[in-house]
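To keep things clear, I will list the structure first and then write my remarks on it.
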Amino acid sequence: RTLENFTGNLAEGLNKYDPKTLYDPTTDKFIFVCLAGTNSSSNKIIVGFSEGNELNATWNLYEIEGNPRGDNTWSDYPMISVTENELFITVNLLKDGFSWQEGFEETLIYQINKYDGYNSEELRIKQWSDIRQDGKLIRNLCPIKYADENLGQKQYFVSSLNFAIQTDTFFLFEITGEMDQAELKMDI
């Protein structure tokens, strides 16, 4: 199927790109994410949860605002991972009219109860923003996926000084606890 066909009426008429799909071993189901639109007035994050363990199963699809601040930024470069009960999506917010290198504003993390999606219920979402080290916003927080089907409750993220010519600095972030009691911690 094409992204247009798969996503149906969601973000209709917008260019859809950057598809990501992962298998969730705790539920024996799949999760899908893609983006639509490349500016602040149209950008959406499309998220899908399969109802069964086949890729051609029925999917519950959702649209998340790609410009959550309501300004001149839009979401790009999605990455995804799951824990026992939650889906994590990271995106970079970019300014309209600039390249991804020059227009970077910040990286956001979305923490989503995945069972809401599997059960076709309204998604409960927590958004993490303003993630900094020494006053500087961290770019490209990459979620670290679990190595096997034994998913834990914590989610880890890694980043580096992306545009440094030479660096030995890496950042490790950890979200402990589920959405209501979650805490974001950082280690260098």
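All of (1) under 21 Å from Val47 (Cα atoms); (2) modelled with pLDDT of 95 or more; (3) open to solvent by 30 Å² or more (accessible area, probe 1.4 Å) hold for Leu87 with one exception: (3).
The residues in segment 160-184 that are assigned to a strand (DSSP E or B) and at pLDDT 90 or above can be counted, and the count is 6. Restricting Ile112, Ile138, Ile131 to residues that are surrounded by fewer than 20 Cβ atoms within 10 Å (Cβ to Cβ), more than 19 Å from Ala11 (Cα to Cα) and among the hydrophobic types (A, V, I, L, M, F, W, C) narrows the list to Ile138.
Glu121 meets the stated requirement of being part of a loop (DSSP other than H, G, I, E, B) and either open to solvent by 70 Å² or more (accessible area, probe 1.4 Å) or touching a Leu at 6+ places or on another chain (Cβ under 9 Å) (or both). In segment 1-28, of all residues being of a type in the set (Lys, Arg) and under 18 Å from the mean Cα position of the chain (by Cα), the one that is surrounded by the most Cβ atoms within 10 Å (Cβ to Cβ) corresponds to Lys16. Cβ separations smaller than 6 Å between residues 6+ apart or across chains give the following pairs from segment 110-124 residues that are touching a residue at least 40 places away in the same chain (Cβ under 8 Å) to residues that are β-branched (Val, Ile, Thr) and surrounded by fewer than 21 Cβ atoms within 10 Å (Cβ to Cβ): Tyr110/Ile125; Ile112/Ile125.
The values are calculated or read from the model by the stated rules, or taken from the named source; none is laboratory data. All values derive from a computational prediction rather than experimental measurement. Positions of Cβ are backbone-derived with ideal geometry, glycine not excepted, and every protein chain shown enters the neighbour counts. SASA here: full protein model, heavy atoms, side chains in, ligands and nucleic acids out. Shrake-Rupley method; radii C 1.70, N 1.55, O 1.52, S 1.80 Å.
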